[in-house]
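Chemist: Below you will find the structure I want to go over with you.
Please treat every number below as a calculation from the coordinates, not as lab data. Since we're looking at a predicted model, the values are computed, not measured. We place every Cβ from the backbone using ideal geometry, glycine too, and count neighbours over all the protein chains shown.
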Protein chains: 2
Amino acid sequence: MRTLLKRTIALGALTLLLSSVNAQNYYEKGKQWVKKAEELKPVLKETIVEPAGIVEIVKNKDAFQGWEAKTVAPIDSLYGQSIRKLKSVIVDLGDHYTGYFSFGLETIWGSPDSPVRFRFTFGEVPSELVTPFDPFEGGISRAWLQDHEFNIMHLPGSYNIERRMACRYVKIDLIGSSPYFDFKISDVKFKAVTSADKAPEELASSTSEMIKKIDAISIKTLKECMQTVYEDGPKRDRRLWVGDMYLESLANVYSFQNHQLTQRCLYLLAGLSDDEGYVLGTVFEEPEPHAQAGQRLMDYSLLYNVTLKEYMAATKDKETAMDLWPVAKRQLNIISQYVSKDGLVDYERANKEWWLFFDWKDGLNKAAGIQGLMIFALNETYELAKLLNVESEVKYIPGLVKKMKRAALKNMYNSKTGLFECGDDAQVSYASQAWMIMGGVLSEKASQRALNNVMKHQGALKPGGPYMCHYFTQALMKSKMYDEAKALLIDFWGGMVDKGADTFWEVYDPTNDFLSPYGFFPINSYCHAWSCTPVYFIRKYPEIFQK
Amino acid sequence: MRTLLKRTIALGALTLLLSSVNAQNYYEKGKQWVKKAEELKPVLKETIVEPAGIVEIVKNKDAFQGWEAKTVAPIDSLYGQSIRKLKSVIVDLGDHYTGYFSFGLETIWGSPDSPVRFRFTFGEVPSELVTPFDPFEGGISRAWLQDHEFNIMHLPGSYNIERRMACRYVKIDLIGSSPYFDFKISDVKFKAVTSADKAPEELASSTSEMIKKIDAISIKTLKECMQTVYEDGPKRDRRLWVGDMYLESLANVYSFQNHQLTQRCLYLLAGLSDDEGYVLGTVFEEPEPHAQAGQRLMDYSLLYNVTLKEYMAATKDKETAMDLWPVAKRQLNIISQYVSKDGLVDYERANKEWWLFFDWKDGLNKAAGIQGLMIFALNETYELAKLLNVESEVKYIPGLVKKMKRAALKNMYNSKTGLFECGDDAQVSYASQAWMIMGGVLSEKASQRALNNVMKHQGALKPGGPYMCHYFTQALMKSKMYDEAKALLIDFWGGMVDKGADTFWEVYDPTNDFLSPYGFFPINSYCHAWSCTPVYFIRKYPEIFQK
């Protein structure tokens, strides 16, 4: 409410400044959009999961991050013995789940004469259960780590941990009890929640085992991230980011088809856009719907339009698309603000005034990336306009696209190498090629040349993780390099499968299991939305992936 | 429920064995008594406490346990600054309270993009805030210590810590936050709860300052322990023990006069007595009313009778006293089981089959103590019978008392020294003298001689703490040694006052601040029921203490 109030005041001043949008009107719409988003909030589907067994985490230099979970006993063995004597145990849920942990405590002998204290540690991957969290030196909040002290004042009884956890493994450490009674754990349960409902169809029987595995894990990853919004990761950050939403909504079309969740997210982002009507990079649902103030993320704002277009294409829900069309048009202002007369993005200024994300990749020059992404967003927005019969409102787009493509080729394309380069050191990256190709800057043949050459280029900056890897795959598919796309999918996502992934990870570098953008690998999210897109490729192109 | 079911079965077998009690009937009554106790459960009075300020805990070799709380800033100074920068702060509530801690978090800049984690440490005395709790080597549960990890997933907001705490000081340590926003603490509150209501009268203006202080702290101690039962300590064990109840009910008569709480406790203990009808040493209210199985505490069972008699004397509530009279009669069976024909308690067997508590005092021989306490309990039960006109039911008591006194004198009294001795080494203790005198074994003159001599005796075992100190004071009063009683009260309880006590402690040895029956002094209770009796002496005998 305070945010909205502040906005009312800010908008009063802005009314005179804004030409294409009546600010007060926009603000009123914002309120309605948030309300609409709240009406679309899904009731989560709950499933009670019984543990699969007891595991030990053992060293294995060949396993992911050097640790492997080894089943040592059935869950009943826990229920049959004193936890006071056992002291520590790791329960395996059998798969990754997002939700709520509960358990019981039963007396073995004596009367409980004191409280007891546990520390629970919830891990998505084995290393989280055995890596000391303190002293903590990560660059983001220590509180993301899913360890949890739990004091129980009275037993016997049943207990729930209120915080929603994302995990496969639960380590239970007893750290306080009395010598005057004994007790045991009973009835360990995990209430898994998701807004993914409808089960996706089976793949063609001709599909290879690896593709089947990649598809299943990809679907599982998406399912875990589908909560009351498309979250980026159920462990962290547990919230709606535009870039993740775009990829999740693509994957959703080919799996759960919960289009209402996409619709909700589009309304929420629209309703929480900033004082100038720009969609912010990320929004929060709690304690009340609000955006991360000032989180202007240029590539993400533009991908809002693409998501809206894909939503319209998948659902034919013209009413929603028309309702949100002013938001899409508004995002185009970003482009007009930063593209110079000759069609080139003023990268330096854009990069100073906004966050250009693209990838977690140190040193990546994003000048070519933003040039390509803007063209891509323009094309997609124009497609949306055509679907809505409002192309007359954006009739400048084809001309702008033409100019921007020309500028791209003129300023960034090295016709000798067939590669896009940018920055003072003429940096060559997968990201630059992918986004220029997504923008349709090159012919099919030239696209194939660029993609082939970048993959051969020793000094080219590779994707830093799954998010960029998706776009590179998309560029390969667009360029009809099906074998290469399939090989990449099997190499990259299959690499995670080979390393034992239950869900696909936020960060994956085949050469470094411990890579973390946050300075501490246990805080990485190991079930991350932007890794979930293989299902999109596998099912959109069955003739490529399911044969 | 399971306990009751088990009892039904056990009682089936016992019916044939028990002569004086029809077991089934007794069991049915037990259920009714628990129900009655639940009906008498008080609604707690709630008071919102605002913090008094910010303190630092500084070393001071003259302060209790070497630590002193020094006020360094008003509470508003906390509300005006970033807790992210401050990291750690200690709030002083200004006095000891029992209840629930709450606070708010407000954003200073940015949008909270991550959970935050705090560790709160609640301390009754300064040392608890600065003594590392881990590695924990105490003999009872680590979970008693009032430190509490608290994860907050969404802010801004208001937050409550669910566990009831007993404290004066609250240390707040921030252990997880994000660099991308800042925030501050607001609105620290403590909801204090107690079933003590009516304010006690003011003392006579002639009362010395020290007695006034002792009286006030004694009343405060009682108030904090008066919850939905007479607890032993609001920090630990937070439950009803017979011995504590006896002393609390005495103090209550001369202060809050919440007799309904005494009535509730008497019914609860009666209803939860064991299969043979013996009142157990301690009972729990949660998760449902139940006794500590097998906790047979001989001195405590017998003090049940004394409490009932005092309750009847104070309230004239004959209905309750008659209702519970069978319970009192039942406890007398303990005596008849362990007193031999010649009137001497079979101490060895009693000590083997029951817990004889009396005091936390290593090496204390309790043979004389139990002999004296049994006589005391017999006398008091007989007084109760007279108040109820049922002395015909226990007409054997006067004869038994006579025999037991004779046996005490014959076997344990050293007429040369005028002291009671027991054990192979003819141990002389304050406890032995006190209980024999409480039992009226000696004449007034001989009592005075014993008390004077024990206080002069170099080798005599002194009281181990406040509980025994109470009985010794009571023995002095009974023997009309008023000056000595007053001096002891000022020396012992006044000693705690001089050391800065806000409430009287479970353990107090003037020569050793770190004494603990549990191997770790921070787990001691620093607001303990059995220390609360000065109010009883000061107000029952105004001519002694208020002049």
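Chemist: Considering amide H positions built from the backbone, and no H for Pro or chain starts, which residues 5 or more places from B:I108, or on another chain, come under 5 Å of its amide H?
Modeler: B:D182, B:F183, B:K184
Chemist: Add -39500 (n - 2.57) for each DSSP H run of 4 or more in the protein assembly as shown, then divide by its residues: what number comes out at 222 nm, to the nearest 500 deg cm²/dmol?
Modeler: Computed mean residue ellipticity for the protein assembly as shown: -13000 deg cm²/dmol.
Chemist: Mind pulling the angle between the C-alpha long axis of helix A:259-271 and the longest principal axis of chain A? Nearest 10 degrees, somewhere in 0 to 90.
Modeler: Value to nearest ten degrees: 70.
Chemist: Right, something else. For A:S88, which inter-copy label distances result when the label point lies 7 Å beyond Cα on the Cα-to-Cβ vector, reported in nm to one decimal and in ascending order?
Modeler: 2.6
Chemist: How large is log10 I(q)/I(0) at q = 0.11, 0.17 Å⁻¹ when the Debye formula is applied to the Cα atoms of the range B:237-480, each weighted equally and without solvent?
Modeler: Values, matching the q order: -0.55, -1.33.
Chemist: Could you give the size of the charge dipole of chain B about its Cα centre, using +1 on the Cβ of each K and R and -1 on the Cβ of each D and E, expressed in debye and rounded to the nearest 20?
Modeler: My answer is approximately 1280 debye.
Chemist: Using mean Cβ contacts within 10 Å as the protection proxy, how do A:98-109, A:241-252 order, highest first?
Modeler: With the highest mean Cβ count within 10 Å placed first, the list reads A:241-252, A:98-109.
Chemist: Can you pull the mean other chain C-beta count within 10 Å for peptide A:288-300?
Modeler: 2
Chemist: Right, here's the next one. For the protein assembly as shown, with only Lys/Arg (+1) and Asp/Glu (-1) charged at the beta-carbon, what is the dipole magnitude about the Cα centre, in debye rounded to 20?
Modeler: Dipole size: approximately 620 debye.
Chemist: Of the cross-linked pairs A:K36/B:K184; B:K220/B:K499; B:K352/B:K386; A:K70/A:K220, which ones have a Cα-Cα span greater than 27 Å in the structure shown?
Modeler: Beyond 27 Å: A:K36/B:K184; B:K352/B:K386.
Chemist: Give the angle, between 0 and 90 degrees and rounded to the nearest 10, that separates the Cα long axis of helix B:23-39 from the longest principal axis of the Cα atoms of chain B.
Modeler: That helix lies at roughly 40 degrees to the long axis.
Chemist: Taking each residue in A:145-152, count the Cβ atoms of any other chain within 10 Å of its Cβ, then average. What number comes out?
Modeler: 4
Chemist: Another one. A 26 angstrom limit on the alpha carbon distance is what I want to check against. Which of B:K31/B:K329; B:K198/B:K540; A:K191/A:K316 exceed it?
Modeler: Long pairs (Cα-Cα over 26 Å): A:K191/A:K316.
Chemist: Let me make sure I get this right: for the protein assembly as shown, a, b and c are the square roots of the gyration tensor eigenvalues over alpha carbons, sorted descending. Under 1.5 in a/c it's rounded, otherwise prolate if a/b > b/c, else oblate. Which is it?
Modeler: prolate
Chemist: Still on this structure: Taking the alpha carbon gyration tensor of the range B:251-366, what are the square roots of 5 times its eigenvalues, largest first, to the nearest whole Å?
Modeler: 26, 17, 15
Chemist: Does anyone have the angle between helix A:367-387 and the longest principal axis of chain A? Alpha-carbon axes, 0 to 90°, nearest 10?
Modeler: So the helix axis and the longest Cα principal axis differ by about 80 degrees.
Chemist: Taking amide H positions as placed 1.01 Å from N in the peptide plane, with prolines and chain starts having none, which residues 5 or more places from A:Q427, or on another chain, fall under 5 Å of its amide H?
Modeler: A:C422
Chemist: Is the C-alpha gyration tensor of chain A telling us rounded, prolate or oblate? Criteria: a/c under 1.5 is rounded; beyond that, a/b larger than b/c is prolate, otherwise oblate.
Modeler: The shape class here is prolate.
Chemist: Two decimals is fine: what is log10 I(q)/I(0) at q = 0.10, 0.14 Å⁻¹ for the range A:321-451, from a Debye sum with one equal scatterer on every Cα and no solvent?
Modeler: Those come out to -0.32, -0.62, one per q.
Chemist: Show me the ranking of peptides A:447-456, B:130-139 by mean Cβ neighbours inside 10 Å, starting with the highest.
Modeler: Taking the mean over residues of other Cβ atoms within 10 Å, the ranking is A:447-456, B:130-139.
Chemist: Ok, one more. Using the Cβ atoms and a cut-off under 14 Å, what net charge is assigned to the surroundings of B:K361, where Lys and Arg are +1 and Asp and Glu are -1?
Modeler: -3
Chemist: When the expected Rg is taken as 2.2 N^0.38 Å, what fraction or multiple of it is the alpha-carbon Rg of the range B:454-517?
Modeler: Ratio of Rg to 2.2 N^0.38 Å for the range B:454-517: 1.13.
Chemist: Enter the mean number of other protein chain beta carbons within 10 Å of the beta carbon of each residue in B:462-468, as an integer.
Modeler: 0
Chemist: Go through B:H457, B:M436, B:F284 and say which Cα lies farthest out towards the positive end of the charge dipole of the range B:237-480; charges sit on Cβ, +1 for Lys and Arg, -1 for Asp and Glu.
Modeler: B:H457
Chemist: If packing is taken as the average number of other Cβ atoms within 10 Å across a peptide's residues, how do B:203-212, B:427-436, B:382-391 rank, most packed first?
Modeler: With the highest mean Cβ count within 10 Å placed first, the list reads B:427-436, B:382-391, B:203-212.
Chemist: Still on this structure: Compute the projected area of the convex hull of the Cα atoms of the range A:45-194, averaged over all viewing directions, and report it in nm² to one decimal place.
Modeler: Quarter of the Cα hull surface area: 9.6 nm².
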